Amino acid sequence: MDDALALWSYLARDPLLWLSLTLAAYITAEWISTLCRRHPLANPVMIAVILLALVLQVTGTRYQTYFEGAQFVHFMLGPATVGLALPLYQNLSRVRRAALPMLAALLSGSLVAMLSALGLGWVFGLRDSVLLSLVPKSATAPVALGVSEAVGGIPTLTAAMVILTGIIGAVVATPLLNALGVRDWRARGFAVGVAAHGIGTAHAFRVNPTAGAFSGIGMGLNAILTAILAPLVVGLLF
Amino acid sequence: MIRVLLILLGFQLAGETLSRGLGIAVPGPVLGLAGLFAAFLLIPRLAGYMQDTVQGLLGHLSLLFVPAGVGVVANVDILAEHGVGLIVALVVSTVLAILAGVGAFLLVAKMTGGLEDG
């Protein structure tokens, strides 16, 4: 028993354990998602997060310890974002033809994301820095954190809101757009990328390659637009 | 695969340098995306060369968000502090943003005669 405890206390501090568990949780989540016939409610990010959160809770592990292993996975977000240039390039002629619809969707999706979050947050009694933290929630995390700080929000709170927004977008997009009978994969993907950044884009790639390509473009463009618009919107309203 | 990874990291590094160096609010990886896209336009062969590795990476994009997601659960008390209203605001606002984006896209696509169904 003492040996087992000694082994555990060694492994629990080792990045190897948490890196392995992150991959295992993801594979398990993919498996559950397949069992549920890829139902959008069985979102693999959400399932893997819940599994890992349970493991951390049960073993009393701090997030910082977990992240020492998980950071290797987290790090790959950067190169993967750069890689979104590939589907963009491969769909270039369709992207060119869709330039005007994309511009309209970008402006309206981005503004509605910011203004509706402010309006709804205010209705629900959120004020000041907490309310302002909501403004950049649809942008990809690094942009959102910078914008949150710039407009007087709380960056750590924004970080949580950004991830939640992504998961919400990934879960609601497919049932919502199926119910409305939207069949244009460009429109579906692009709108999800604008509203729910990378997690929405990851979902879009699972559903349809065209949706994934356009979602990546929506995410990239909204990162730029949010950085420009959010300070203006907050300046006008507050 | 290693060469493709190096190309991706190289563009990210260039993007970070530009972003930090010039104080641009756009994150390094997004600038790197733009740079790699420009490289594809200049050297079309590069896209085919990188295809397998990049598609492998993008096929598991979901995995890459898991560590950050666990962070939200670890900090769930910050969110819980602000009550159910905050969550409801996030859900409704995300739905509205998707609808606004899809609506505007389809409207303008219809006006310019470029709908793609199915």
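The table that follows gives values for the structure above.
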item: Selection from the range A:152-202 of residues that are outside any loop (DSSP other than H, G, I, E, B), within 8 Å of another protein chain (Cβ to nearest Cβ) and among the β-branched types (V, I, T); result: A:T156, A:I163, A:T165, A:I167, A:I168, A:V172, A:V192, A:V194, A:I199, A:T201
item: Counted residues, the range A:207-238 - those being part of a helix (DSSP H, G or I) and within 17 Å of A:N91 (Cβ to Cβ); result: 14
item: Helices (runs of 4 or more DSSP H) lying entirely in the range A:33-112 (those with 1 or more residues that are more than 8 Å from chain B (Cβ to nearest Cβ), touching a helix residue (DSSP H, G or I) at 6+ places or on another chain (Cβ under 6 Å) and surrounded by 14 or more Cβ atoms within 10 Å (Cβ to Cβ)); result: A:44-59, A:63-75
item: Where A:L51 falls short, out of the listed (1) closer than 16 Å to B:F65 by Cβ; (2) in the same structural domain as A:F190 (by TED's automatic domain parsing); (3) among the hydrophobic types (A, V, I, L, M, F, W, C); result: (2)
item: Number of positions in the range A:1-26 that are exposed (fewer than 14 other Cβ atoms within 10 Å of the Cβ) and closer than 14 Å to A:L51 by Cα; result: 1
item: Yes/no for B:S19 being crowded, with 19+ Cβ neighbours inside 10 Å, hydroxyl-bearing (S, T, Y) and either in a loop (DSSP other than H, G, I, E, B) or touching a Gly at 6+ places or on another chain (Cβ under 7 Å) (or both); result: yes
item: B:P29, sole failed condition from (1) touching a Ser or Thr at 6+ places or on another chain (Cβ under 6 Å); (2) surrounded by fewer than 20 Cβ atoms within 10 Å (Cβ to Cβ); result: (2)
item: Where B:L9 falls short, out of the listed (1) surrounded by fewer than 18 Cβ atoms within 10 Å (Cβ to Cβ); (2) more than 7 Å from chain A (Cβ to nearest Cβ); (3) closer than 19 Å to A:L84 by Cα; result: (2)
item: Those residues of the range B:86-118 which are over 19 Å from A:L103 (Cβ atoms), exposed (fewer than 15 other Cβ atoms within 10 Å of the Cβ) and not charged (D, E, K, R), in sequence order; result: B:V88, B:G118
item: Qualifying residue in the range A:25-32 (condition: among the β-branched types (V, I, T) and in a loop (DSSP other than H, G, I, E, B)); result: no
item: Residue within the range A:124-134 that is under 26 Å from A:F214 (Cβ atoms) and assigned to a helix (DSSP H, G or I) present; result: no
item: Answer from B:P44, B:P27 - the residue that is at the interface with chain A (Cβ under 9 Å from one of its Cβ atoms), modelled with pLDDT of 95 or more and more than 9 Å from A:V82 (Cβ to Cβ); result: B:P44
item: Residues being over 26 Å from A:F205 (Cα atoms) and either within 7 Å of chain A (Cβ to nearest Cβ) or in contact (Cβ under 8 Å) with a residue 40 or more places away in the chain (or both) - total across the range B:84-115; result: 5
item: Residue that is within 7 Å of chain B (Cβ to nearest Cβ), touching a residue at least 24 places away in the same chain (Cβ under 8 Å) and more than 26 Å from B:M111 (Cα to Cα), where the choices are A:S133, A:S138, A:S116; result: A:S138
item: Test for B:S62: is it closer than 24 Å to A:V192 by Cβ, at the interface with chain A (Cβ under 7 Å from one of its Cβ atoms) and at pLDDT below 95; result: yes
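The values are calculated or read from the model by the stated rules, or taken from the named source; none is laboratory data. All values reported here derive from a predicted model rather than from experimental measurement. Here Cβ is always computed from backbone atoms with ideal geometry, including for glycine, and neighbour counts include all displayed protein chains.
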